[in-house]
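Each remark here refers to the structure printed beneath this line.
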Amino acid sequence: MNWEQQQQKMRDIASELLTNGKVDMIIGYEQASVNGKAAPAFITSPEEIQTLVWNDKCENMLAKYALRYKGKQIAIVAKACDARAIVGLMVEHQFPREQIVIIGMVCPGMTDERGRIYESCQVCRHHNPPVYDHFVGDAMEEGEYKLSPTMAKIDAMTPDERWAYFTSQMKKCIRCYSCRQACYLCYCNKCFVDRNQPRWVARTTDLSDNIYYHLGRIMHTAGRCVQCGACERVCPMDLKIWYLAQKVSDDCKELYDYDAGLMLDEKPALADYRLEDSQKAFVD
Amino acid sequence: MSKPVMVLGGGIAGIQASLDLAEMGIPVYLVESQPSIGGRMAQLDKTFPTNDCSTCILAPKMSSCANHPLIKIYSYSELKDIRGRAGDFTAVVTKKARYVDEEACNGCRQCLDVCPQYVDDDFNMGIDQRKAVYMLFQQGIPNVAAIDDRFCRFLNRDKNDKCGRCARICPRKAIRYGQRDKDIELEVGAIILATGYDTFAAELKPEYGYGSYRNVVTSMEYERIMSASGPYGGHIKRPDGKEPKRIAFLQCVGSRDAKCDREYCSSVCCMYAMKEAVITREHIKSIDDLSIYYMDMRAFGKDFERYYENAKKQGINFVRSRVTEIAEDSDTHDLKLYAVDEQGRVSEDEFDMVVLSVGLVPRPDVVELCQRAGIKTDRYGFVHADDMAPIQTTREGVLACGVLTGPKDIPETVYEASGAASLAAQLVKDLPGPEIPKPEEVPMRDIGRERPRIGVFVCHCGTNIAGVVDVKAAAEYAKALPCVEYVDDTMYACAADTQGFIADMIKEHDLNRVVVASCTPRTHEPLFQDVLRKSGLNPYLFTMVNIRDQCSWVHMDYPEEATEKAKDLIRMAVAKAYYAQPLQQQVLPKDSSALVIGGGLAGMTSALSLAKQGYKVYLVEKEPVLGGNARLMNTSARGRSFEQYMDELTESVYDHPYITVLTSAHISAVEGYVGNFITTVRKGPDTIKLNHGVIIVAVGANESMPDEYLYGQHPAVMTQLKLERQIKHHVDDFKGKRIVMIQCVGSREPQRPYCSRVCCTQAVKNAICLKEMDPTIQITILYREMRTYGMNELYYEKARRLGVDFVRYDVDDKPRVTVDEDDSNKINVEFYEHLIGRTLKIKADYLILSAAIEADRESNAELSQMLKVPINQDGFFLEAHMKLRPVEFATDGIFLCGMAHAPKNADEVIAQAQGAAARAASILAKEYITTDGMVAKVNRFLCVACGICESICPYKAIAVDPQLHVAVVNAALCKGCGLCSATCRPGAVDLQGFDDSEILAQLDALYSW
Amino acid sequence: MNEHEWEPKIVAFLCNWCSYAGADLAGTSRIQYPPNVRVIRVPCSGRVNPLYIIRALQEGADGVLVSGCHPGDCHYSTGNMYARRKFTVLKSLLEYVGVEPDRVQFSWVSASEGARFAEVITQVTEDIKRLGKPTRLVKEEMR
């Protein structure tokens, strides 16, 4: 099945769901007005179905939007990563399974303006949505672990070089919190950076405060993140931050054999344990 | 207040019994012969099968004893005589002279430093030395010195040659050379004996050279050698200092040995030897050889078999051989073991260290006491126990628990101790006792929005702190800290007059926060919190900082740095105090009735025990009749009839006005929490709602249905339970017959990788019964390992004497069973006989299978979900802690006993059921459920209801409310660990008393102020 | 100790039941160790939010140690097990961005391991001295 065939099948399913009143809304993608990208679409009538698109520009993480419509019956056009995100949010009781119809899209990976496949998609191992109501596309072979180009670069660095690279990114941060806004995991009512009592971190763009914010956020998403890459794609200052999330996810996979969002009855990696877990962080 | 109970023995049994009684509101005199409570468990390094640190789990219980207002500890005291009768005893207790004023001594240990007289340290099994003035061990309670008058120079010399160093150095003037032994009389309603055991004197086995070969040690010595707080600081060494490379452990030294008049099995040695071997490997990774020489590996307890399998995987070498002699190389002091295996082959193996797994034996002094007090003991000296009354002695009102009544491990000891508390409570509950004054209630001052006014008291602790830290300078420094209104330095912050002084200063300076910089909060925090309480301040407004144990004592050569550190710590404490909030202990109403699930031996026993203590009980049984498995059994190992006992028990249960029996009834829902459960029970067409305060799970387990050895295919093949019924009703069928029994059918196999514990004893018991009826019956028992632990070993011995054949088989060469071709009524059993090295075939009339005990997985899983309590991988319920909390779940108010916990014999079931009743009664006895102040608290505006806290809470104390969509803390269940708080991303959950603000403030104070 | 030598100030989060008790035992046993550690007592290693550690580094902690009950020994049965996963991930992340591995350390010390506590403190202090003053993560004004 190619993109267009998938798009047609997706529209058929969406149409059926809306026409028969099975859902109140479809969250999917429509053509954006600029730069050839797809934008999130919120379709409530069958007439609008034709505006739904499916192509290699559907990079937005839609699970974030599903959070806005808690309590409503919705269907969501879900790439594998969106589907995993939805599963993660269901594990965290953000909505019951019955409230969301998952139109699962097999996804070979998304591309940027210049047609280059995103780094997060290059190394993605899960092309097929693990949980779905409708499966759209031909199941792809699940990928092997691949080292991302950024991580390959970091791996080769000395600690000093790593720190230099990391701070070169952190210096650029203007604390606009776009990464937080784009992340489906950042659904707290009030982020720790905005708390006053206690004050966890100052609201400055001091390098140290920037680092605190980013590391703190990564620790909060640790063991839950599906590595969709939205945090990095939305950054107006082009901070390379996705590799941090990727590192933590790789650790969870390697140490705890855990991939976020694959199963509805699996606790996030850091909310679970085994007696024989790795002791590598501990002195003998 | 009811009449007090005396508990004799301050080991884990005595501690547990005392705590249970005190929790039930009954005053306790805890009498211990040593200068400190703790007993044998305090000497152990780790405990099997969890490898828990023994001190870590024991010490909190010891402190609880010391701090409980209803427990009075008489340490260094002995029971001389018991006069009177049940309900009205006079116990004569000799308080031995310790030559130290217990009230005055504050455990500073300066006397230990100056005492010139070295003495072998008994606590360390004489491996190293202590002083004549000493403390039994570091964490001892009471934390008070004692002088050993056998060695003290002052006490043993004439008056002209005075040593007196300890008296001179003592800053509290606590030394009392003139003290003498003193008898006191205690009026008590019941007495619990929990005096424990001695270990077998290994010198009595001269062939092993203990006492003459220095690298042959006993297992108790080895525990101290392994212990991090032992003579070698946890580095495993031979007594001659060399690190061992090859260690042999010899089992059954002084157990199962008629030659030294110890025929019984000591029950615990197989497991502790395995544990010692496993821990040794952790200490010395490169060790070459760890060999255990044994007869039968008796890994019969819960999860023991898995431990055994793991030990094998870790390369522990198990050698089924008897060691006949040990020889020592006089140069290297290495050892040579001569051993004989099953086939009679002799081997010689070299080791550089040998650990003798010495058995457990009664204490001679206790045997004497029992004789004086008219308490019957068996021929070894263990207090006589009845299968159906395992905790009672022959003297009414005197109860016994722990190894005193026979060898057993810690969890069994603990539940027996609880059971003893239960029986004692029944005796004294209506007897009036002395009024114990309740602490005076001072109205709490509302500090509302007052700005913090902090008082800081820096303690000299004589010279303990001031000798290193410049206390004056530290106090001066504290004056400049924000919100500090008053500072003083005190000689002894803990002294009674200083406490009064602190109270005065709180009033005079209108303080609303107090910081004391002195010793460790682990021992002294309650003391100072009490000062605040009496001054009308919420006790949680107190902050303690440790500048002695963690500062002056460990930086003796660096006074300047230590002073700087003390200042830092005081600054951090002030910062924490700034954020300290008054925390409220909630008082919740509760129901005083119990629900017991399961009407077998366990359920009926605990129900009756609770009813006799005056609590209403609902007993729910799914079958139409009460009785469970015990109804199907014939006699106990000691020959007591189950039928008669169960009839009487059932009648008592039905007759008791406090017990409501619901048979053919099923639990369909359980709501609520400790003190306030609501359970829905279906009984036929009716649905009944029960309100109750606690739950006891006593659902039992069943004999499994074998799927091998022609079971179900041939009428002559039956299980042990079926055999019991046959013996009862058709015993003549067996006359003159040929019978084969196979052990471990379905146990210790991949599908059930555990030992079913009861089958070896059951097979032996049935074989004896048949043999005694007709000696011409031929019986062969095919076994993998005979696990007739404890006194059951005597029956194994007896069966052999009666001519029962015991033949061992290997699991990978199991007996082969076929129907005889000529006579289809008979069964051929073929097996390999190790002794003669040949395959034998028996044409049997009956084949009896010792089928595994199995949990009802499905129904247990259902119940576990309703109660939100865990089950283990074998389907049995999983207790809160395998060692010290064997009858309760981590979730408060829910208890378990009997075979729901693990397979066990009837006497153990009864003891455990009584233990569960005691633990349950400790909740029911209270007027209210009082929650702790240091519990988690949810900010509902920040909570996003992700439920992570709910999924990780070990106590099920926090859960997302489905209506409100926020997490809600049940303060009655919360233990204040703070895991939820550290895990909550938005910081919606915080742990009061250790909240984020208080912790971050300490960091800020340390680095940013 | 050389007077001119730089002396690090290390913060240690100790669980009340095992490591804090182990530290007390080192005291009653008079086992000496370097005076560079400042203890923050917490009920359980599971109480330690990974953000405390980042915060400590930001505020200029020369080193951070967290110590709790050995796996299986936790007073609250499983708190240290969750803590182990959090700390393992945090440590790995800190190393990945270039923070020195020894700057933040974790250990298990039981209530009977007074000598071990002293050894751990001695070792951590030596490690931090070797690393020198922290430059990474520290707020500018804290240097």
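Coordinate-derived values only; no laboratory data. In this text the structure is predicted, and so the values were computed from the model without any measurement. Here the Cβ positions follow ideal geometry from the backbone for every residue, glycine too, while neighbour counts run over all protein chains shown.
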*Over the protein assembly as shown, with a single point scatterer placed on each C-alpha, what log10 of the ratio I(q)/I(0) does the Debye formula yield at q = 0.04, 0.07, 0.08, 0.09 1/Å?*
-0.28, -0.87, -1.12, -1.37
*At most 15 other Cβ atoms within 10 Å and a DSSP loop assignment: could you name the GluC sites (Glu not before Pro) in region C:80-142 that fit?*
none
*Where a Cα-Cα gap under 17 Å defines reach, which lysines qualify for C:LYS91, not counting those fewer than 8 residues away within the same chain?*
A:LYS247, A:LYS253, A:LYS280
_Translational D in µm²/s for region B:197-267 (Stokes-Einstein at 4 °C, 1.567 mPa s, Kirkwood Rh from C-alpha pairs)_ = 97
_Greater than 30 Å apart at Cα, pairs in B:LYS3/B:LYS937; B:LYS534/B:LYS590; B:LYS507/B:LYS590_ = B:LYS3/B:LYS937; B:LYS507/B:LYS590
*Which is farthest toward the positive dipole end of chain B among B:PHE300, B:GLY178, B:ILE465, measuring Cα position about the Cα centre, with Cβ charges +1 (Lys, Arg) and -1 (Asp, Glu)?*
B:GLY178
*Can you give the charge dipole size of the protein assembly as shown about its Cα centre, rounded to the nearest 20 debye, using +1 on the beta carbon of Lys and Arg and -1 on the beta carbon of Asp and Glu?*
2200
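In chain B, what percentage of the DSSP-assigned beta bridges are antiparallel, given to the nearest 5? Don't skip to the answer; put the middle values down first.
Details: 87 of 169 bridges.
Beta bridges within chain B, antiparallel portion: roughly 50 percent.
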*Straight-line reach from A:LYS57: which lysines have a Cα under 25 Å away, not including same-chain ones fewer than 8 places off?*
A:LYS9, A:LYS37, A:LYS79, A:LYS146, A:LYS240
*Looking at A:LEU185, A:GLY261, A:TRP200, which one has the Cα that reaches farthest to the positive end of the dipole of region A:149-271 (charges on Cβ: Lys, Arg +1; Asp, Glu -1)?*
A:TRP200
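Semi-axes of the equivalent ellipsoid for region B:703-854, please: Cα gyration tensor eigenvalues, times 5, square-rooted, ordered largest first, whole Å.
Numbers: eigenvalues 77, 73, 55 Å².
Values for region B:703-854, descending: 20, 19, 17 Å.
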*What Kirkwood hydrodynamic radius, in Å, does chain B give when the mean of 1/r is taken over all pairs of distinct Cα atoms and then inverted?*
31.1
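Can you pull a Stokes-Einstein diffusion coefficient for region B:935-991 at 4 °C (1.567 mPa s), Rh from Kirkwood over Cα pairs, as a whole number of µm²/s? Present the calculation step by step, with values, prior to reporting the outcome.
On the way: Rh = 10.7 Å.
Once the numbers are plugged in, D ends up at 122 µm²/s.
What's the Kirkwood radius of region A:110-231 in Å, using all Cα pairs? Provide the component values of the computation, followed by the final result.
Working: mean 1/r = 0.0583 Å⁻¹.
Across region A:110-231, the inverse of the average 1/r is 17.1 Å.
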*Provide B:SER756, C:SER45, B:SER704, B:SER747 in ascending order of the number of other Cβ atoms located within 10 Å of each residue's Cβ, fewest first.*
B:SER704, B:SER747, B:SER756, C:SER45
*What's log10 of I(q)/I(0) for region B:429-564 at q = 0.10, 0.14, 0.15, 0.21 Å⁻¹, Debye sum over Cα points only, no solvent?*
-0.37, -0.65, -0.72, -1.23
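At 0.36 nm per residue, minus the direct Cα-Cα distance, what do A:ARG114 and A:ASN35 gain on full extension? Give it in nm, one decimal, please. Before the final figure, lay out each step's value.
Working: separation 79, 0.36 × 79 = 28.44 nm, distance 1.04 nm.
Answer, rounded to one decimal: 27.4 nm.
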_Below 15 Å, Cα to Cα, which aspartates and glutamates can B:LYS737 reach? Residues fewer than 8 away in the same chain don't count._
B:GLU772, B:ASP774, B:ASP805, B:ASP823, B:ASP845
_Quick check: Cα centre of region C:7-77 to Cα centre of region B:481-518, how many Å?_
27
*Do any of B:LYS336/B:LYS814; B:LYS735/B:LYS843; B:LYS61/C:LYS86 go past 24 Å between their Cα atoms, and which?*
B:LYS336/B:LYS814; B:LYS61/C:LYS86
*Not counting the cut sites, what is the longest span of chain A without GluC sites (Glu not before Pro) that DSSP labels loop and that have at most 13 other Cβ atoms within 10 Å?*
A:145-275
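Can you give the relative contact order of chain B as a percent, counting alpha carbon pairs under 8 Å and 6+ residues apart? Working shown, then result.
Numbers: 2324 pairs, mean separation 111.6, N = 1009.
Relative contact order, chain B: 11 percent.
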_Cubic angstrom per residue, convex hull over Cα atoms of region B:198-361_ = 117
*DSSP beta bridges in the protein assembly as shown, what fraction antiparallel, as a percent rounded to 5?*
45
_Could you work out [θ]222 nm for the protein assembly as shown from helices alone, using -39500 (n - 2.57) per DSSP H run of at least four and dividing by all its residues? Round to the nearest 500 deg cm²/dmol._
-9000 deg cm²/dmol
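Looking at region A:3-136, what % of the alpha carbon pairs are farther apart than 23 Å? Please report the intermediate quantities before stating the final value.
Details: 2350 of 8911 pairs.
The calculated P(r) of region A:3-136 puts 26 percent of pairs beyond 23 Å.
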*Working from Cα positions, state the angle (0 to 90°, nearest 10) between the long axis of helix A:80-91 and the longest principal axis of chain A.*
80
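Relative to the compact-globule scaling 2.2 N^0.38 Å, provide the ratio for the alpha-carbon radius of gyration of region A:69-165.
Details: Rg = 17.1 Å, N = 97, 2.2 N^0.38 = 12.5 Å.
That works out to 1.37 for region A:69-165.
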*Computed Rg/Rh of region B:580-656, alpha carbon atoms with Kirkwood Rh*: 1.24
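With a cut-off of at most 15 other beta carbons within 10 Å, and DSSP calling the residue loop, which trypsin sites (Lys or Arg not before Pro) in region B:734-804 qualify? Please list them.
Details: sites: B:LYS735, B:LYS737, B:ARG738, B:ARG748, B:ARG757, B:LYS765, B:LYS771, B:ARG784, B:ARG787, B:LYS798, B:ARG800, B:ARG801; in loops: B:LYS735, B:LYS737, B:ARG748, B:ARG757, B:ARG784, B:ARG787.
Here the trypsin sites (Lys or Arg not before Pro) that fit, given the DSSP loop and packing criteria, are B:LYS735.
Starting from the Kirkwood Rh over alpha-carbon pairs, what translational D in µm² s⁻¹ does region B:1-97 have by Stokes-Einstein at 25 °C and 0.890 mPa s?
Values: Rh = 14.0 Å.
So the translational diffusion coefficient is about 175 µm²/s.
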*Largest-first principal axis extents, alpha carbons of chain A, Å*: 60, 46, 41
*Size-normalised alpha-carbon gyration radius of chain C, reference 2.2 N^0.38 Å*: 1.02
*Between C:PHE117, C:TYR82, C:VAL11, whose Cα lies farthest towards the positive end of the dipole of region C:10-131 when Lys and Arg beta carbons carry +1 and Asp and Glu beta carbons carry -1, centred on the Cα centre?*
C:TYR82
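When DSSP assigns beta bridges and you keep just the ones with both residues in region B:703-854, what percent turn out antiparallel, to the nearest 5? Mind showing how you got there, number by number?
On the way: 14 of 31 bridges.
Rounded to the nearest five, the antiparallel share is 45 percent.
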*Which angle between 0 and 90 degrees, to the nearest 10, do you get for helix A:207-221 versus the longest principal axis of chain A when only C-alpha atoms count?*
50
*Could you pull out which residues in region B:901-933 have an amide N less than 20 Å from a spot 7 Å beyond the Cα of B:ASN691, following the Cα-Cβ vector?*
B:921, B:923-931
*What Cys residues in chain A are without a partner cysteine, judged by a Cβ distance under 4.7 Å?*
A:CYS58, A:CYS107, A:CYS121, A:CYS124, A:CYS173, A:CYS176, A:CYS188, A:CYS191, A:CYS225, A:CYS235, A:CYS252
*asked:* If the only charges are +1 at each Lys and Arg Cβ and -1 at each Asp and Glu Cβ, what is the size of the charge dipole of region A:3-136 around the Cα centre, to the nearest 20 debye?
replied: 300
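If R₀ is 30 angstrom, what is the calculated FRET efficiency for the pair A:ASP257 and A:LEU147, using the beta carbon separation as r and rounding to 0.05?
Working: r = 18 Å, r/R0 = 0.61.
So the FRET efficiency works out to roughly 0.95.
Within the set B:LYS565/C:LYS133; A:LYS22/A:LYS70; B:LYS72/B:LYS376; B:LYS275/B:LYS312, which residue pairs have Cα atoms separated by over 21 Å? Intermediate results must be reported in sequence, preceding the final value.
Details: B:LYS565/C:LYS133 19 Å; A:LYS22/A:LYS70 16 Å; B:LYS72/B:LYS376 28 Å; B:LYS275/B:LYS312 12 Å.
Violating the 21 Å Cα-Cα cut-off are B:LYS72/B:LYS376.
Using r as the Cβ-Cβ distance of A:ARG274 and B:LYS937, and R0 as 30 Å, what FRET efficiency do you calculate, to the nearest 0.05? Could the numbers behind the result be given before it?
Values: r = 30 Å, r/R0 = 1.01.
After rounding, the FRET efficiency stands at 0.50.
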*Determine the dipole magnitude for region A:86-218: charges of +1 sit on the beta-carbon of Lys and Arg, -1 on that of Asp and Glu, nothing else is charged, the reference point is the Cα centre, and the result goes in debye to the nearest 20.*
740
